[in-house]
Amino acid sequence: MSVSPPPGAPSVTSGVRSVALRSGVYADSVKLMQVSRDVAATDGVTAVLVAMATPLNLELAANMGLAPEEPTSPEQLLIAVHAEDDDALAGALAAVDAALAARERSSGSAQAIPQRTIGAGLAELDGDGPALAIVSVPGQYAVAEAADAIAAGRSVLVFSDGVPVEHEVALKRAAHEAGVLVMGPDCGTAIVSGVALGFANVVRPGPVGLVAASGTGAQQISCLLDMAGVGVSHVLGVGGRDLSEAVGGLATLDALAALDADEATERVLVVSKPPAPPVARAVEEFGAGLSVPVRSAVLSPETPDLTAAVEGLLTDMGRDVPAWPSRPGPAESAAPGAVLKGLYSGGTLADETMLLAAPVLGDIRSNTPLEPELDLGTDLSASGHVVIDFGDDALTVGRAHPMIDPTLRLEALAALAASGEPAVLLMDVVLGHGADPDPAGALVPALTTARSQASLPVVIALIGTEGDPQGWSRQADALAAAGAAVFASNAAATRYALDLLGASA
Amino acid sequence: MTLGGLLSAPPTIVAAGVDVFSDALRAQGADVHDVDWRPPGFGDPADLAALALDPRRNAANRVAVERILAAGSQLVDVRPAREVIGLPDRTLLHSGPPLTWETASGPMRGALIGACLFEGWATDVEDAERILAAGEIALDPCHHHRTVGPMAGVTSPSMWLWCLKDPVHGGQAFCNLNEGLGKVLRMGAFNEEVQARLAWMRSVLGPILQKAVRGSIDAGNDPLDVKSVLAQMLQMGDEGHNRNRAGSLMTLRELSPSIVAVEGVPSADIAAVLTFIGGNEHFFLNLGMPTAKLAMDAARDVPGSTMVTVLSRNGTEFGIRTAGTGDRWFTGPANTPVGLFLGDYGPDDANPDIGDSAIMEAYGVGGFSMAAAPAIVRFVGGSVPDALATTERMYQVTLAENPAMAIPIMGFRGSPTGIDVLKVARTGWLPQINTGMAGRIAGTGQVGAGLVQPPQECFEKALAALAEETRSA
């Protein structure tokens with residue numbers, strides 16, 4: 001139906017218009033507003049109103065100069081179009097029919113809305129089995145994610161570093177209240193019911209539970225236990241600061257209580273870098289009050305090394321202490337006046353080495369020194385006895401941990417060989433989940449080059465198990481073939497290096 | 001201590017952050033769920049941490065949410081604003097945070113002009129503009145008087161108000177009567193047609209509704225349970241903000257017998273009242289809003305809570321309040337809704353966001369229950385999956401699911417309820433609001449309807465204030 005504009009129509013002065021009413025058609029107002037909008041966008045169309053003929057819509061039509069002339073009822077559908085010419089009008093009316101007939105473009109299910117937070121992720125879990133949150137977001141944002149887990153009654157492992165110590169304390173207090181555990185922050189190693197988190201080795205299941213404020217310390221101990229045929233129940237990392245004065249062992253105490261209540265755990269070992277003495281005492285007293293026997297592998301000048309702690313535990317358990325695997329190096333001796341150069345990826349292993357060597361060598365300078373006055377700062381090429389922890393946060397900013405990325409350590413090795421300073425080189429190589437899939441592959445050429453330049457005896461503490469993806473023996477054989485003396489025990493490696501230097505511990 | 005059973009079996013792991021750790025776990029055959037973590041949408045990291053670590057927060061938010069969920073809503077009376085909230089002469093309530101005549105938008109000015117004419121304080125439009133500009137009329141937000149008003153929300157002393165009561169906490173809330181669609185005062189229209197309708201509402205509709213509501217209660221019937229009507233609407237394709245069809249019809253069904261039973265008025269007036277209600281699809285909105293207001297007011301003043309108690313706009317600014325910061329407003333410039341337009345109106349005709357009706361979203365219906373009314377998402381060209389996705393997103397910015405407000409298509413999951421400022425910041429997802437659109441120019445009326453979000457600025461300010469409060473607590 002195409003008609004000329006009626007006299008006096010307010011806003012339509014040229015072109016053609018069509019005003020039609022249809023009965024027996026209903027569409028809701030949203031649908032009709034969409035139809036109107038779509039048709040209005042067609043070429044040559046100047047005004048469109050497709051709407052039910054309610055009083056309000058009739059008023060709108062009148063304002064547009066598109067009022068119907070015949071009587072209407074609200075159940076009728078009003079289709080009013082003004083176009084530039086008959087062709088445009090015909091096209092518009094066809095478009096109205098097409099739009100009215102069109103189906104929704106989709107009627108599928110909800111698009112997947114990802115969970116953005118640990119809280120939302122935990123809320124989506126069904127079932128009431130054990131669940132654990134892992135947080136490795138930038139440190140300044142880790143707190144909120146960890147707090148989500150605690151609020152949901154779940155334990156959380158915080159890989160992130162850079163979390164202020166007061167936030168760590170607040171999180172651990174909240175976790176204690178909620179009866180859950182905060183592992184970390186800056187916790188790189190844990191094994192929960194056989195699930196290895198972060199840097200951890202493939203070790204057999206068994207009766208020993210570890211509470212570890214030290215990642216590589218926990219790896220050393222769990223690997224030696226595995227080599228002695230003894231498995232672990234769980235390794236609960238608590239973060240390197242947990243036994244500091246500020247944190248006061250909050251997570252260590254809760255982890256001890258949890259292992260005490262765990263059926264699979266028959267013995268517990270607490271491993272840490274040198275702790276704050278009052279905190280160490282508090283942990284010892286707490287451990288003494290538990291039903292499960294707790295032994296300390298906490299490093300200090302007065303306590304045994306990690307290997308000795310493992311040996312003590314094996315004796316407690318009535319097990320034989322095995323000969324720890326090693327690959328003797330070539331018979332060589334250090335040059336006169338040689339010094340100890342320790343290039344470590346594991347902070348606890350570096351500490352252990354310094355604790356063993358300092359009484360016989362004297363001052364050892366380090367970026368993580370035993371005494372503040374021995375601090376090397378950023379001068380890693382200092383002369384004399386030096387032990388460097390390449391895993392220290394200051395050296396991992398903006399790059400991967402040396403257990404994954406060997407670049408910095410290899411540069412230091414090359415610089416050492418070029419320096420001409422007579423030395424014995426001591427290194428750790430850590431295997432397991434998360435570590436370099438073939439550390440010997442990168443190290444062997446570097447060692448070969450270095451040894452061709454200078455007389456440089458090399459001693460390696462190879463931390464791992466046969467079950468690790470890299471395989472202890474395969475790596476040991478490759479390193480030994482490059483002229484290194486290889487030991488499964490860092491304490492044994494250190495003692496061997498000291499022997500080469502003509503000192504003995 | 002058993003760490004919630006953590007050591008009893010290999011755990012299911014939920015991970016946020018770098019995926020190398022998740023990959024290593026997957027390689028071991030562990031059950032790992034990665035969340036799609038992003039840096040927070042806004043907020044000083046130190047503020048976010050302070051709030052995340054506030055030991056009061058979880059318990060305070062639980063208290064706030066429990067009060068919302070427990071609140072009820074009964075229609076107990078209909079009375080003029082002058083009587084019920086003591087609104088004095090020459091005072092007008094308006095929607096949103098505080099504003100002045102100078103800062104008022106077109107539709108707000110139109111409604112204020114219309115109310116001055118309606119109350120007889122001005123002889124014509126110019127006169128009304130003069131007394132408003134001279135500050136002779138006091139302006140105050142509805143929210144400062146336990147009242148909510150849709151769109152401009154302008155409420156004058158002789159307008160009739162729905163009077164609702166929360167039988168659980170004893171709170172009261174009020175809202176004016178809905179005028180219908182098109183050229184109406186709340187959309188900023190003020191012409192003779194608007195004035196005539198308001199006069200009829202004052203002299204016929206209000207008194208009849210009062211007699212009907214009182215008569216029913218006096219006859220021993222329970223007051224109308226408005227919360228229950230709202231709950232039923234969600235089962236019938238309404239979301240309670242932009243779509244109130246089922247709710248309006250149910251309300252008509254509930255009120256009709258007592259309206260018809262009103263004595264001493266001409267039967268033509270009874271018929272006119274029933275016709276008016278039956279012809280107004282948004283009639284229920286003015287009952288839904290005070291129902292939400294009752295619940296949100298019950299959650300006011302919970303120290304340590306990061307929950308939003310008010311979302312509201314005055315056509316110029318958007319304002320929010322939180323349970324943990326008392327009656328402070330946190331404001332930012334209102335956005336303009338996006339949607340579909342009536343007749344030949346277009347985007348240029350639309351005013352920025354206006355009205356107290358976003359109290360529905362604060363309560364967890366409206367845009368938050370978009371999945372219950374997929375028709376609404378089509379305002380912005382969306383589809384049914386988009387409607388479901390909107391509600392899914394809102395679950396992640398809220399503290400609870402309201403079991404009374406079940407959404408059928410979500411498997412009768414409760415509506416996402418109680419907006420958490422901290423979650424909004426962490427996800428970067430702003431609340432979704434469904435709304436009408438008023439014409440930008442005073443006197444125009446409604447030009448369309450659509451979807452809008454609050455400006456982020458409101459939440460930034462609220463987050464900073466909550467963090468400051470936390471540090472001084």
Quick test for you: out of B:Gly43, B:Gly86, pick the one residue that is farther than 30 Å from B:Asp222 by Cβ and open to solvent by 30 Å² or more (accessible area, probe 1.4 Å). B:Gly43
Quick one: how many residues across segment B:100-136 are open to solvent by 20 Å² or more (accessible area, probe 1.4 Å) and of a type outside the set (Phe, Trp, Tyr)? 18
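So if I check each of A:Ala212, A:Ala147, A:Ala218, which one is farther than 20 Å from B:Thr2 by Cβ, at pLDDT 95 or above and away from chain B (no Cβ under 11 Å)? Even if it seems obvious, please write down each step before you answer.
Details: A:Ala212 fails: farther than 20 Å from B:Thr2 by Cβ; A:Ala147 fails: away from chain B (no Cβ under 11 Å).
Unique residue meeting the criteria: A:Ala218.
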Restrict the check to segment B:366-381 and report whether at least one residue is more than 13 Å from chain A (Cβ to nearest Cβ) and of a type in the set (Ser, Thr, Tyr). yes
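Residue by residue through segment B:163-176, note down the ones that are part of a loop (DSSP other than H, G, I, E, B) and open to solvent by 10 Å² or more (accessible area, probe 1.4 Å). Lay out the reasoning, then the answer.
Initial filter on segment B:163-176 (part of a loop (DSSP other than H, G, I, E, B)): B:166-171.
The answer is B:Pro167, B:Val168, B:His169, B:Gly170, B:Gly171.
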Do we have B:Thr2 as within 12 Å of chain A (Cβ to nearest Cβ) and surrounded by fewer than 20 Cβ atoms within 10 Å (Cβ to Cβ) here? yes
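Answer yes or no as to whether A:Ala485 is in contact with a strand residue (DSSP E or B) (Cβ under 9 Å, 6 or more places away or on another chain) and open to solvent by less than 10 Å² (accessible area, probe 1.4 Å).
Numbers: in contact with a strand residue (DSSP E or B) (Cβ under 9 Å, 6 or more places away or on another chain): yes; open to solvent by less than 10 Å² (accessible area, probe 1.4 Å): yes.
Against the criterion (in contact with a strand residue (DSSP E or B) (Cβ under 9 Å, 6 or more places away or on another chain) and open to solvent by less than 10 Å² (accessible area, probe 1.4 Å)), A:Ala485 qualifies.
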Between residues in segment B:38-54 that are at the interface with chain A (Cβ under 7 Å from one of its Cβ atoms) and residues that are part of a helix (DSSP H, G or I) and polar (S, T, N, Q), which pairs lie under 7 Å by C-beta distance while being six or more apart or on different chains? B:Pro45/A:Gln140
Number of the condition not met by B:Leu181 [criteria: (1) modelled with pLDDT of 95 or more; (2) aliphatic (A, V, I, L, M); (3) within 30 Å of B:Gly343 (Cβ to Cβ); (4) out of contact with any Gly (no Cβ under 8 Å at 6 or more places or on another chain)]: (1)
Tally the residues that are crowded, with 22+ Cβ neighbours inside 10 Å and either closer than 19 Å to A:Thr396 by Cβ or under 31 Å from the mean Cα position of the chain (by Cα) (or both), restricting the search to segment A:346-366. 10
So which residues in segment B:181-217 are open to solvent by less than 10 Å² (accessible area, probe 1.4 Å) and within 20 Å of the chain's Cα centre (by Cα)? B:Val184, B:Leu185, B:Met187, B:Gly188
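Mind telling me which of the residues A:Ala47, A:Ala41 ends up being among the hydrophobic types (A, V, I, L, M, F, W, C), without any contact (Cβ under 8 Å) to a residue 40 or more places away in the chain, surrounded by fewer than 17 Cβ atoms within 10 Å (Cβ to Cβ) and closer than 24 Å to B:Val380 by Cβ? Don't jump to the end; show me each part of the working.
Working: A:Ala47 fails: surrounded by fewer than 17 Cβ atoms within 10 Å (Cβ to Cβ).
The unique qualifying residue is A:Ala41.
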Subset tally (residues that are open to solvent by 30 Å² or more (accessible area, probe 1.4 Å), in contact with a strand residue (DSSP E or B) (Cβ under 7 Å, 6 or more places away or on another chain) and either more than 19 Å from A:Gln219 (Cβ to Cβ) or part of a helix (DSSP H, G or I) (or both)) for segment A:251-279: 2
For segment A:162-197, give me each residue that is open to solvent by 20 Å² or more (accessible area, probe 1.4 Å), within 8 Å of chain B (Cβ to nearest Cβ), touching a residue at least 24 places away in the same chain (Cβ under 8 Å) and closer than 19 Å to A:Leu210 by Cβ. A:Ser193
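Can you pull out the residues in segment B:61-83 that are closer than 30 Å to B:Leu399 by Cβ and open to solvent by 30 Å² or more (accessible area, probe 1.4 Å)? Break it down stepwise before answering.
Taking segment B:61-83 and keeping what is closer than 30 Å to B:Leu399 by Cβ, we get B:61-76.
The answer is B:Arg62, B:Val63, B:Glu66, B:Arg67, B:Leu69, B:Ala70, B:Gln74, B:Val76.
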Residue under evaluation B:Ile441, criteria (1) at pLDDT 95 or above; (2) in contact with a strand residue (DSSP E or B) (Cβ under 7 Å, 6 or more places away or on another chain); (3) open to solvent by 10 Å² or more (accessible area, probe 1.4 Å), criterion not met: (2)
Just one of the numbered conditions (1) closer than 21 Å to A:Ala400 by Cα; (2) open to solvent by 30 Å² or more (accessible area, probe 1.4 Å); (3) out of contact with any strand residue (DSSP E or B) (no Cβ under 7 Å at 6 or more places or on another chain) is not true of A:His433; which one? (3)
Segments classed as helices (runs of 4 or more DSSP H), wholly inside segment B:229-321, with at least 3 members that are open to solvent by less than 10 Å² (accessible area, probe 1.4 Å): B:245-260, B:285-298
Looking only at segment A:11-34, decide whether some residue is open to solvent by 30 Å² or more (accessible area, probe 1.4 Å), within 11 Å of another protein chain (Cβ to nearest Cβ) and at pLDDT 85 or above. no
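The values are calculated or read from the model by the stated rules, or taken from the named source; none is laboratory data. Bear in mind the structure is a predicted one, so any value in this text is a computation, not a measurement. Please note: Cβ atoms are built from the backbone with ideal geometry, for glycine as well, and neighbour counts cover all protein chains shown. Calculation scope for accessible area: heavy atoms of the full protein, side chains included, ligands and nucleic acids excluded. Shrake-Rupley method; radii C 1.70, N 1.55, O 1.52, S 1.80 Å.
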